[in-house]
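First the structure, in the form of structure tokens, and then the observations on it.
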């Protein structure tokens, strides 16, 4: 299974369904929104790896949403592919200038869409983020979405998995609870900072005696992941 999540923002249910089926067959996790406002909230909340965004929608257009997402720090790096019936050259230029990473003109085939999507994700993925990370026998493999301890599988909840992945790819730096909420939960999620403490406790319990020492409390600040005491 791909660990990549794609958010489809399109007001036409039939288009969303067609795209969703194609993406799920290609092992992507799919999220859907039928307007720009919902799409914006889901982008902040769910932090998808890529957005497929329809240009022409009632209310706020896709091009306006693309500009807004690229202005905001939390979503500035999220790749966007614009979907539209507009095929003229100046429209394509306008879409790319708004921050879109690619532009697909309707009608398109599901195969073309998946191929273009893969190409954009390859360009957008930072080196190493798809590679397995291992620290002192603790191994997290994004491609299989598994965590193992010296070869044995660990049972870890989805939030604890995201928390561990963030820690293991950002070692030796202390993060406040607020920073962890933004990075792991998403900027549009309204939860108390104490929620971080609950999930840290669960994560340590899942890691067991062999690895729980790697998730360290930093007094007066928050938490860090470190092999040093």
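The values are calculated or read from the model by the stated rules, or taken from the named source; none is laboratory data. Because the structure is a prediction, the values reported are computed rather than measured. Counting neighbours? That spans all protein chains shown, and the Cβs are built from the backbone with ideal geometry, glycine included.
Sub-7 Å Cβ pairs linking a first residue in the stretch 179-201 that is outside the structural domain of residue 218 (by TED's automatic domain parsing) to a second residue that is at pLDDT below 80, at least 6 apart or interchain, number zero. Every condition in (1) at pLDDT below 90; (2) over 18 Å from the mean Cα position of the chain (by Cα); (3) part of a helix (DSSP H, G or I) is met by residue 229 except one, and the failing one is (3).
Might you check whether a residue that is under 24 Å from residue 74 (Cβ atoms), surrounded by fewer than 15 Cβ atoms within 10 Å (Cβ to Cβ) and at pLDDT 90 or above occurs anywhere in the stretch 198-210? Before you say what the answer is, go through the steps one by one.
The initial filter retains those residues of the stretch 198-210 that are under 24 Å from residue 74 (Cβ atoms), namely 198-200, 203.
Retained after the next criterion (residues that are surrounded by fewer than 15 Cβ atoms within 10 Å (Cβ to Cβ)): 198.
Subset that is at pLDDT 90 or above: 198.
Looking through the stretch 198-210, at least one residue is under 24 Å from residue 74 (Cβ atoms), surrounded by fewer than 15 Cβ atoms within 10 Å (Cβ to Cβ) and at pLDDT 90 or above.
Applying the criterion of being in a strand (DSSP E or B) and in contact (Cβ under 8 Å) with a residue 60 or more places away in the chain to the residues of the stretch 134-156, the residue that is farthest from residue 168 (Cα to Cα) is 149. Would the stretch 31-51 turn up any residue that is closer than 30 Å to residue 163 by Cβ, touching a residue at least 60 places away in the same chain (Cβ under 8 Å), touching a strand residue (DSSP E or B) at 6+ places or on another chain (Cβ under 7 Å) and not in a helix (DSSP H, G or I)? Looking for residues that are closer than 30 Å to residue 163 by Cβ, touching a residue at least 60 places away in the same chain (Cβ under 8 Å), touching a strand residue (DSSP E or B) at 6+ places or on another chain (Cβ under 7 Å) and not in a helix (DSSP H, G or I), one finds at least one in the stretch 31-51, hence yes.
Looking across the stretch 1-17, the residues that are buried (at least 16 other Cβ atoms within 10 Å of the Cβ), at pLDDT 90 or above and outside any strand (DSSP E or B) come down to 10, 11, 15, 16.
When 69, 117, 82 are checked against the criterion of being at pLDDT 75 or above, farther than 30 Å from residue 154 by Cα, part of a helix (DSSP H, G or I) and touching a helix residue (DSSP H, G or I) at 6+ places or on another chain (Cβ under 7 Å), 69 stands alone in meeting it. Condition check for residue 176 on (1) at pLDDT 90 or above; (2) within 29 Å of residue 38 (Cα to Cα); (3) touching a helix residue (DSSP H, G or I) at 6+ places or on another chain (Cβ under 6 Å): one failure, at (3).
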